[in-house]
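Participant: Structure provided below as structure tokens; questions to follow.
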């Protein structure tokens, strides 16, 4: 059996991106390894109990999950310690509620309420690609998804997909004029428009021109973000 330290963080040592009370209790659950880095996601238990207040205890949260009342990216959640991360959609069908996880300008993960017409849509940044058997191209998404897609997609582009079947709805290129969302750096959580792409990306945020690392740039649309981000 694992020790407390293996199953939990001390709240004071939890990732700074987690929007939690750090002095009320000592421990908080550690998420299982999953599709997101720990600093870019939250355990489902923390979302249900600490953020949404749908459960007061772990036992109550477990009952909610076991009843099949929680969907993550359109699939029934089964594990309280699963990590739910950036751009993931968490839905409560019986409550007619759905939320997307974003990161705000304070660098904190945040749940935002989304409309019913968005609950089956998700943006996925492409972080890798390779040729697989049969000469097809496999695209690797930032959240662990893989796609076999015939379009001319480059690393750094994003796909708008339908949940849960992963049907590609739109392709957004990392290029001049693209609307992007910053997931790190000085301007984290802000939306801007690309001016140029080189080793770094130059973009306009409001009236300010800034440069940032490509790894912080998440393409979210052409003229406007394709999904709600705030």
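The values are calculated or read from the model by the stated rules, or taken from the named source; none is laboratory data. All values derive from a computational prediction rather than experimental measurement. All Cβ positions, even for glycine, are placed from backbone atoms using ideal geometry, and neighbour counts span all protein chains on display.
Participant: Look at residue 90 and say whether it is outside any loop (DSSP other than H, G, I, E, B) and either out of contact with any helix residue (DSSP H, G or I) (no Cβ under 6 Å at 6 or more places or on another chain) or on the phi > 0 side of the Ramachandran plot (or both).
Facilitator: Answer is yes for this residue.
Participant: Could you tell me which numbered condition residue 123 fails, if it satisfies all but one of (1) in contact (Cβ under 8 Å) with a residue 24 or more places away in the chain; (2) in a strand (DSSP E or B); (3) more than 24 Å from residue 15 (Cβ to Cβ)?
Facilitator: With respect to (1) in contact (Cβ under 8 Å) with a residue 24 or more places away in the chain; (2) in a strand (DSSP E or B); (3) more than 24 Å from residue 15 (Cβ to Cβ), residue 123 is out only on (3).
Participant: While we're on this one: Go through region 9-26 residue by residue and tally those that are within 17 Å of residue 44 (Cβ to Cβ) and free of Cβ contacts under 8 Å to residues at least 40 places away in the same chain.
Facilitator: So the answer is 4.
Participant: Let me ask something additional. Can you find, within region 1-21, the residue that is modelled with the highest pLDDT among those that are touching a strand residue (DSSP E or B) at 6+ places or on another chain (Cβ under 6 Å) and not in a loop (DSSP other than H, G, I, E, B)?
Facilitator: 11
Participant: Have a look at 133, 106 and point out the one that is touching a residue at least 60 places away in the same chain (Cβ under 8 Å) and more than 19 Å from residue 227 (Cα to Cα).
Facilitator: On inspection, the qualifying residue turns out to be 106.
Participant: Here are the criteria: (1) part of a loop (DSSP other than H, G, I, E, B); (2) over 15 Å from residue 213 (Cα atoms). Tell me which single one residue 184 does not satisfy.
Facilitator: It fails just one condition, (2).
Participant: Whether any residue in region 118-133 is out of contact with any strand residue (DSSP E or B) (no Cβ under 8 Å at 6 or more places or on another chain), surrounded by fewer than 16 Cβ atoms within 10 Å (Cβ to Cβ) and at pLDDT below 95 is what I want to check.
Facilitator: Within region 118-133, one or more residues are out of contact with any strand residue (DSSP E or B) (no Cβ under 8 Å at 6 or more places or on another chain), surrounded by fewer than 16 Cβ atoms within 10 Å (Cβ to Cβ) and at pLDDT below 95.
Participant: May I ask you to say which residue of 155, 197, 217 is surrounded by 16 or more Cβ atoms within 10 Å (Cβ to Cβ) and under 21 Å from the mean Cα position of the chain (by Cα)?
Facilitator: 217
Participant: Sort through 176, 193 and tell me the only one that's modelled with pLDDT of 95 or more and under 19 Å from residue 152 (Cα atoms).
Facilitator: From the options 176, 193, the qualifying one is 176.
Participant: Output the strands (runs of 3 or more DSSP E) that fall wholly within region 25-85 and possess 1 or more residues being at pLDDT 95 or above and within 20 Å of residue 9 (Cα to Cα), or say none.
Facilitator: 41-43, 83-85
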